[in-house]
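Accompanying notes for the structure given below.
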Amino acid sequence: MMPDPTPAAGGSFWFSTGDPSRRAPILGRQRFDVGVIGGGFTGLWSAIALLDADPSLRVAVLEAEQVGFGASGRNGGFCAASLTHGLANGLLHFPDEIEVLEAEGRRNLAELVAFVRAEGIDAELEETGTLDVATEPHHVDNLRAYADLTARYGHPLHFLDRAEIQAEIHSPRFLAALRGGPDRSVLVNPAKLAWGLAAAVERRGGTIFESSRVTGLRRRAWGVEVDVAGGGVVEAAHVLVGTSAYSGWMRRLVPVFVPVYDYVLMTEPLTPGQLDGIGWRGREGLSDAGHQFHYFRLSADNRMLWGGFDAIYHPGNRVLPAHDRRPATFETLERHFAATFPQLDGIRFTHRWGGAIDTTTRFHVTFGEALGGRVHYALGYTGLGVGSTRWAAGILRDRILAPDSPRLRLRFVRSRPFPIPPEPARTPAVELMRRAVIAALVPQSTSEMIASCATSTRRRVR
Ligand SMILES: Cc1cc2nc3c(=O)[nH]c(=O)nc-3n(C[C@H](O)[C@H](O)[C@H](O)COP(=O)(O)OP(=O)(O)OC[C@H]3O[C@@H](n4cnc5c(N)ncnc54)[C@H](O)[C@@H]3O)c2cc1C
């Protein structure tokens, strides 16, 4: 296997699509109103939300590596409306709040798109919607059941039979599909989005420090002292934490999440002839409905991104650069790609990479606080954070600036997922969770989750 040409962010293709300027690390002791830890989508959207609410705030973002280095620069770029990891998962845990959560998610996605356009961020945004495809006969019924479920919530997905999906996208494996519109999901180049958000933070007067790894937090009478490797210190009245699957540095977060690795391939650009061979004129974001699903899409320069299937946990919650590459998973993904698009035989994969996903036992973002309410965190997006990080950032902002906000009273925001035990019980517990974890990583919902939830929620919904 050839080495990847771009080692940054685990070798993510998206990181090779620009040349972001490096920012200096923090030096010495500096004072801010709010310190934000993590320069991914959670941290960047949080800084923007704070500065839009109060432009006089002094806000600093502390990023251990480089803006977008984590999952935000490595993901599939599916930017979905759902806050609950799909309607089915939302219904399972929050049947009482699902209408509000669905509406909040759609509003959030619309605002995100409007923001990207208004700020002139070149994130290669494509409002093409989604297609969830069935590749096994039993998936077809599950898709129909899910279409019924979504119709009951006023946002129907449209069922396509075999002939209809084959007319759209030519693969011998596709038996049926569900189409969702751009109000359900859009596509982005996630690294360009992260870089654009960083520039938006700076335009608003925020400061971003890179190569600034936070090592600890200390409560002081006036707020929080934030220690940074290399000797820098931030003094801040409040701290927001958005370090996702890397959150092991903050001990109280360890029971909340499990880092699970997800892997991705990117082809060379498809020629016009190769594109003709597969159709896909609508350029939708695709996922298949298998238990271990794949997600796939086209990039702006017509490469095909192909990811998913495996979900790998490394004992001890390990998140290391060595895990960004996994030849066995890359080979599996290549085999599955060939079976799905045999007409692309011989195409080269120019990039292969992986990244850690912050998974909780409920598969959606969770919130909490530390150090007497001076520190707030959001994590646990479980593979569906490109859109929902923006909504979570609004919650983090409200926790500091608008503690009476009705959104903070949502059970979705207040309740916590079941904790995951420490090692040595953690590895076997994660193995037990594994089936559900893999299923949970689908951009919307796997057919199994769809089927079980469609059945279990029918009673509640009626
Ligand atoms: C391969 C892959 C594919 C995915 N596909 C999709 C998808 O298609 N759609 C979707 O919605 N979601 C997807 N996701 C999930 C999505 O990318 C994440 O939910 C989202 O990016 C999380 O953003 P974040 O800011 O919370 O975390 P991150 O982007 O991981 O950012 C955390 C940042 O914190 C920094 N950091 C860590 N520790 C410290 C410290 N001690 N001090 C300072 N900084 C620190 C890290 O360097 C990192 O930059 C995918 C994830 C992966 C890995």
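Values as computed for the structure displayed
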{"read-out": "Enumeration of residues in region 300-328 that are outside any loop (DSSP other than H, G, I, E, B) and farther than 23 Å from THR17 by Cβ", "value": "ILE312, TYR313, ALA322, HIS323, PRO327, ALA328"}
{"read-out": "Leading residue by the ranking (nearest to the chain's Cα centre (by Cα)) among those in region 49-73 that are open to solvent by less than 10 Å² (accessible area, probe 1.4 Å) and within 13 Å of the ligand (Cβ to nearest atom)", "value": "GLY73"}
{"read-out": "Hits in region 93-140 - residues which are free of Cβ contacts under 8 Å to residues at least 24 places away in the same chain and over 29 Å from ASP19 (Cβ atoms)", "value": "ALA103, ARG107"}
{"read-out": "Hey, ALA289 more than 21 Å from PRO172 (Cα to Cα), surrounded by 15 or more Cβ atoms within 10 Å (Cβ to Cβ) and touching a strand residue (DSSP E or B) at 6+ places or on another chain (Cβ under 7 Å) or not", "value": "no"}
{"read-out": "Considering residues of region 81-107 that are in contact with a Leu (Cβ under 6 Å, 6 or more places away or on another chain) and closer than 22 Å to TYR295 by Cβ only, the residue surrounded by the fewest Cβ atoms within 10 Å (Cβ to Cβ)", "value": "GLY105"}
{"read-out": "Strands (runs of 3 or more DSSP E) within region 5-112 that include 1 or more residues closer than 16 Å to ALA198 by Cα and in contact with a helix residue (DSSP H, G or I) (Cβ under 7 Å, 6 or more places away or on another chain)", "value": "29-37, 59-62"}
{"read-out": "Considering residues of region 377-410 that are open to solvent by 10 Å² or more (accessible area, probe 1.4 Å) and under 21 Å from ALA236 (Cα atoms) only, the residue nearest to the ligand (Cβ to nearest atom)", "value": "TYR377"}
{"read-out": "Verdict on ARG348 being in contact with a Ser or Thr (Cβ under 8 Å, 6 or more places away or on another chain) and open to solvent by 30 Å² or more (accessible area, probe 1.4 Å)", "value": "yes"}
{"read-out": "Any hit, region 358-376, residues being in a loop (DSSP other than H, G, I, E, B) and at positive phi", "value": "yes"}
{"read-out": "Any hit, region 342-353, residues being within 11 Å of the ligand (Cβ to nearest atom), within 22 Å of the chain's Cα centre (by Cα) and either of a type in the set (Ser, Thr, Tyr) or more than 30 Å from ALA176 (Cα to Cα) (or both)", "value": "no"}
{"read-out": "Out of GLY230, GLY242, sole residue that is at pLDDT 95 or above and open to solvent by 10 Å² or more (accessible area, probe 1.4 Å)", "value": "GLY242"}
{"read-out": "Residue count, region 377-415 (criterion: free of Cβ contacts under 8 Å to residues at least 60 places away in the same chain and assigned to a helix (DSSP H, G or I))", "value": "8"}
{"read-out": "Subset tally (residues that are part of a strand (DSSP E or B), within 18 Å of the chain's Cα centre (by Cα) and small (Gly, Ala, Ser)) for region 246-299", "value": "2"}
{"read-out": "Condition met for LEU83 (more than 9 Å from the ligand (Cβ to nearest atom) and at pLDDT 95 or above)", "value": "yes"}
{"read-out": "Unique residue being within 21 Å of GLY223 (Cα to Cα) and in contact with a His (Cβ under 6 Å, 6 or more places away or on another chain) when the list is VAL61, VAL34", "value": "VAL34"}
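Residue-wise test of (1) among the charged types (D, E, K, R); (2) under 26 Å from THR360 (Cα atoms).
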residue: GLU235; (1), (2): yes, no
residue: TYR261; (1), (2): no, yes
residue: LEU270; (1), (2): no, no
residue: ASP301; (1), (2): yes, no
residue: ASN317; (1), (2): no, yes
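The values are calculated or read from the model by the stated rules, or taken from the named source; none is laboratory data. On a predicted model such as this, the values are computed, not experimentally measured, just so you know. Cβ sites come from the backbone with ideal geometry, for glycine too, and all protein chains shown count toward neighbours. The protein model used for the area step is the full one, side chains on, heavy atoms only, and it has no ligands, DNA or RNA in it. Shrake-Rupley method; radii C 1.70, N 1.55, O 1.52, S 1.80 Å.
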